[in-house]
């Protein structure tokens, strides 16, 4: 089964401007959610351009990879790429209700 049926992405932008025009100090929050449980599996706090690159890579892999391949690549640590100086993936994701600053 394709990974896109099991996971979904949420992107909380730290501002209204698109990534190309955004302040580099802005922080965007990206979450990978497991559809069955609704729980965040991984999340990232990135610059706007870093978030755009990460979302592009995640969307591509969700569409192309089977569940086992996606899990091996992203959930078991084979995804370590250079997303800039930003904080990497973390498993202690903040609950969406606690993201008042992202609203």
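The values are calculated or read from the model by the stated rules, or taken from the named source; none is laboratory data. Everything quoted here is computed from the prediction, not taken from an experiment. Cβ atoms come from the backbone with ideal geometry, glycine included; neighbour counts cover every protein chain shown.
Within the range 24-38, the set of residues being in a loop (DSSP other than H, G, I, E, B), in contact with a strand residue (DSSP E or B) (Cβ under 8 Å, 6 or more places away or on another chain) and free of Cβ contacts under 8 Å to residues at least 24 places away in the same chain comprises 27 only.
The set of residues in the range 1-23 that are loosely packed, with under 12 Cβ neighbours inside 10 Å and part of a helix (DSSP H, G or I) comprises 5, 20, 21. Going by what's in this entry, would residue 62 be described as farther than 23 Å from residue 2 by Cβ, touching a strand residue (DSSP E or B) at 6+ places or on another chain (Cβ under 7 Å), surrounded by 13 or more Cβ atoms within 10 Å (Cβ to Cβ) and touching a residue at least 24 places away in the same chain (Cβ under 8 Å)? For residue 62, the condition - farther than 23 Å from residue 2 by Cβ, touching a strand residue (DSSP E or B) at 6+ places or on another chain (Cβ under 7 Å), surrounded by 13 or more Cβ atoms within 10 Å (Cβ to Cβ) and touching a residue at least 24 places away in the same chain (Cβ under 8 Å) - is not met. Residues that are without any contact (Cβ under 8 Å) to a residue 40 or more places away in the chain and either closer than 19 Å to residue 73 by Cβ or over 17 Å from the mean Cα position of the chain (by Cα) (or both) within the range 6-23 comprise 8, 16, 17, 20, 21, 22, 23, listed in sequence order. Could you tell me whether residue 63 is part of a helix (DSSP H, G or I) and modelled with pLDDT of 90 or more? So residue 63 passes the test.
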